[in-house]
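The values are calculated or read from the model by the stated rules, or taken from the named source; none is laboratory data. Model, not experiment: these values are computed from the prediction. Using ideal geometry, Cβ is built from the backbone for each residue, glycine included, and neighbour counts are taken over all protein chains shown.
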Amino acid sequence: MEYAEFGLIIVALLGGMLLGGFYFGGLWFTVRRLPYVGHPALWMMLSLMLRSAVVLAGFYFLFGRHWEQILAALGGMLIIRTFFVRRLRPKSEEMAPPSSRRQQV
């Protein structure tokens, strides 16, 4: 692998991270807004369509026919997804069912 190809792989990884940040950040924003909108199902569907369209267009126009770059971009999206899952995870006490929470006196 030449240095120029390696550079393109790194750019694809960073581009995938950027697209993943848009996709999963948009998902987080959408879910946070659901209790406050009048039509949550419509809001969720429109958000999904917009996020998917932007990511698919980004993959097509930025990485086109180069499978190595597409694979690196997918890896970048997975890195960002892992970051979002770990960073935005609720605390363990919030996730426990109400019956198992301790009573505060």
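Annotations for the structure displayed:
- For beta carbons closer than 7 Å, sequence separation of 6+ or different chains, a first residue in the range 7-33 that is farther than 17 Å from Glu68 by Cα and crowded, with 16+ Cβ neighbours inside 10 Å and a second that is hydroxyl-bearing (Ser, Thr, Tyr) and modelled with pLDDT of 95 or more, the qualifying pairs are Gly26/Ser47; Thr30/Ser47.
- Each residue in the range 53-81 was checked for being assigned to a helix (DSSP H, G or I) and surrounded by 12 or more Cβ atoms within 10 Å (Cβ to Cβ), and 20 pass.
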